[in-house]
Amino acid sequence: MPPIPGSGLAKGLAVTLRTMTRKTVTAQYPDTQPELPPRSRGVIGLFEENCTVCMLCARECPDWCIYIDSHKETSPPAAPGGRERSRNVLDRFAIDFSLCMYCGICIEVCPFDALFWSPEFEYAETDIHELTHERDKLREWMWTVPEPPALDPGAEEPKEIAAARKAADKLAAQRAQAQQDQTDEKNQDGKNQDGKNQADEKGGTP
């Protein structure tokens, strides 16, 4: 059956009329801030205390937009006769967000949880060179990182927690058994002493 002439136009006008009668949903940004999803990828925050300068994030970055500088410091031996230990000290940690493609690889590969996603997205600059943010700015963004989502109550307990709980239960059982053994030993000593006293009394010991 051939289409009725003008049916497409009528459908289009019907959609237009329905849209005209609906309430507008335009958000007046920046006066009204958008409601971002919990896992929004805005910028990357740096928790400097956890960074060990392992350079893994910089090596795995496909855009090579992470710049890290460090130096080594020698610590005295912890005990006499020990050897000195050296550790890396972070001097510079910067990310060029004009190159970053927000893949999140640096956050995923960090073994010490030093990098996190922050929902902050208002960091536009008039000069592209100012999009390279140093560690002080990255540290400020760290405080805007949301709390991690709650664990699923029906999820399986992590193996590390299960092993730690098993070890704690075993240690508690050993301590309880040791206390019970001490109590039984004291009770047995008391019984032996009572029996000795009674025997002395029957034997007429003065």
Next on the checklist: Test of understanding: what is the full-extension gain from THR24 to THR52, defined as 0.36 nm times their sequence separation minus their Cα-Cα distance?
Outcome noted: 5.0 nm
Next on the checklist: If you build the convex hull over the alpha carbons only and average its shadow over all orientations, what do you get for segment 63-184? Give it in nm² to one decimal.
Outcome noted: 14.8 nm²
Checklist outcome for this item: Expected vector for segment 23-39, Karplus 3J(HN,Hα) from phi with 6.51, -1.76, 1.60 and θ = phi - 60°, integer Hz, x for Gly and Pro, equals 6, 5, 10, 6, 8, 7, 6, x, 5, 10, 6, x, 8, 8, x, x, 10
Next on the checklist: Counting only protein heavy atoms and a 1.4 Å probe, tell me what percentage of segment 1-40's accessible area is made up of carbon and sulfur.
Outcome noted: 65 percent
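List nothing, just return the count: lysine pairs in the chain, 8 or more apart or interchain, with Cα separation under 28 Å.
Numbers: LYS11/LYS23; LYS72/LYS137; LYS159/LYS170; LYS170/LYS186; LYS186/LYS196; LYS186/LYS202; LYS191/LYS202.
The number of close lysine pairs in the chain is 7.
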Checklist entry - Taking the Cα-to-Cβ direction at GLU160 and at ARG59 and moving 7 Å from each Cα, how far apart do the two end points lie in nm? => result 2.1 nm
Checklist entry - Between LEU36 and ASP127, 0.36 nm times their residue separation minus their Cα-Cα distance comes to what? => result 30.1 nm
Checklist entry - Roughly speaking, what is the centre-to-centre gap between segment 37-62 and segment 110-166 when only Cα atoms are used, to the nearest Å? => result 8 Å
Next on the checklist: I need the peptides 58-65, 125-132, 80-87, 149-156 ranked by packing, meaning the mean over residues of other C-beta atoms within 10 angstrom, with the highest value on top.
Outcome noted: 58-65, 125-132, 80-87, 149-156
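Using Cα pairs closer than 8 Å and at least 6 residues apart in sequence, work out the relative contact order for the chain, in percent. Display every interim value, and only then the final one.
Working: 196 pairs, mean separation 43.5, N = 206.
Taking the mean separation of contacting Cα pairs over the length of the chain, I get 21 percent.
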Checklist entry - How large are Rg and Dmax for segment 79-139 when only the alpha carbon atoms are used, in Å? => result 16.7, 58
Next on the checklist: Once the cut-off is 24 Å, how many percent of the Cα-Cα pairs in the chain end up in the long-distance tail?
Outcome noted: 71 percent
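The values are calculated or read from the model by the stated rules, or taken from the named source; none is laboratory data. Remember, it's a predicted structure, so these values are computed and weren't measured experimentally. Note that we place each Cβ from the backbone using ideal geometry, even for glycine, and neighbour counts take in every protein chain shown. Surface accessibility is based on the protein's heavy atoms, side chains included, excluding ligands, DNA and RNA. Shrake-Rupley method; radii C 1.70, N 1.55, O 1.52, S 1.80 Å.
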